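The values are calculated or read from the model by the stated rules, or taken from the named source; none is laboratory data. If you're wondering where the values come from, they're calculated on a predicted model, not measured in any experiment. Cβ coordinates were reconstructed from backbone atoms using ideal geometry, including for glycine residues, and neighbour counts include every protein chain displayed.
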Amino acid sequence: MSLRVAEQLSAVQARISAAEEAARRAPGSVRLVAVSKTFAADAIQPAIDAGQRRFGENRVQEAQGKWPALREATPDIELHLIGPLQSNKAREAVALFDAIHTVDRDKIAAALASEIVRQNRRPQLFVQVNTGLEPQKAGIAPRETRAFVERCRDEHGLVISGLMCIPPADEAPGPHFALLAKLAKEIGFAELSMGMSGDFETAIAFGATLVRVGGAIFGSRPPL
Ligand SMILES: *Cc1c(COP(=O)(O)O)cnc(C)c1O
């Protein structure tokens, strides 16, 4: 098990390097978020032992259950929230996470802003864009993204670093990554959180700076 996680992690890192090179991007310009949701600490530890420091979780409560102890042993862990955030969890999210990829409405922006001031902690923030306009999916509509980012800054006082998307499962991801990259460029963002196990090389070709990869490292997850 542990050997397998270390091997799969190293295979993913090699594929990221190859995709950077193929896209003529600087080596190391893409950072890997290893998505450890649903996996217990003993499955995650081998990735930490292999040198991985950046991890992603999609639920605040699940992350609270396993990361404080893992972090005590390895203080330089960087933890990313990649799942939907409820405003009543903003306090816990700001306390635990170093990056939050899923800012997508004013209520969340306001709740994060007040916790950032209260706790004097500044997680890196991304606005999630629903590039496929899927009703069941979180994220702001593409055409509302710029105005929302401006409200985050001007009304809520938040520093936003970039954009994040999850393309529809049944469509080619390229056009969605291209749209996210175009929006980020128009707004002036350098950071793009896009690409998962099935499509991270495509995302890198379109400019991803953070890829969120779970299954290709940790193996398949039990269905939720
Ligand atoms: C689960 C998840 C991932 C990782 O997906 P894999 O297909 O396992 O790589 C990436 N991003 C988000 C938002 C997720 O919820």
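When the range 107-123 is limited to residues that are part of a helix (DSSP H, G or I) and polar (S, T, N, Q), the one that is surrounded by the fewest Cβ atoms within 10 Å (Cβ to Cβ) turns out to be GLN119.
The criterion of at least 3 residues that are not charged (D, E, K, R) is met, among strands (runs of 3 or more DSSP E) falling completely within the range 1-95, by 31-35, 78-81. Here ALA172 qualifies as more than 10 Å from the ligand (Cβ to nearest atom), surrounded by fewer than 19 Cβ atoms within 10 Å (Cβ to Cβ) and of a type in the set (Gly, Ala, Ser). Residues in the range 200-216 that are near the ligand (Cβ under 8 Å from one of its atoms) and either modelled with pLDDT under 95 or of a type outside the set (Phe, Trp, Tyr) (or both) were compared, and the one that is nearest to PHE189 (Cα to Cα) is ARG212. The single condition from (1) surrounded by 13 or more Cβ atoms within 10 Å (Cβ to Cβ); (2) at positive phi that GLY28 fails is (1). Just wondering, is there one or more residues in the range 48-56 that are free of Cβ contacts under 8 Å to residues at least 12 places away in the same chain, among the basic types (Lys, Arg) and either surrounded by 16 or more Cβ atoms within 10 Å (Cβ to Cβ) or at positive phi (or both)? There is no residue in the range 48-56 that is free of Cβ contacts under 8 Å to residues at least 12 places away in the same chain, among the basic types (Lys, Arg) and either surrounded by 16 or more Cβ atoms within 10 Å (Cβ to Cβ) or at positive phi (or both). Can you go through GLN45, GLN86, GLN61 and tell me which one is more than 24 Å from ALA141 (Cβ to Cβ) and within 16 Å of the ligand (Cβ to nearest atom)? That would be GLN61, the only listed residue that is more than 24 Å from ALA141 (Cβ to Cβ) and within 16 Å of the ligand (Cβ to nearest atom).
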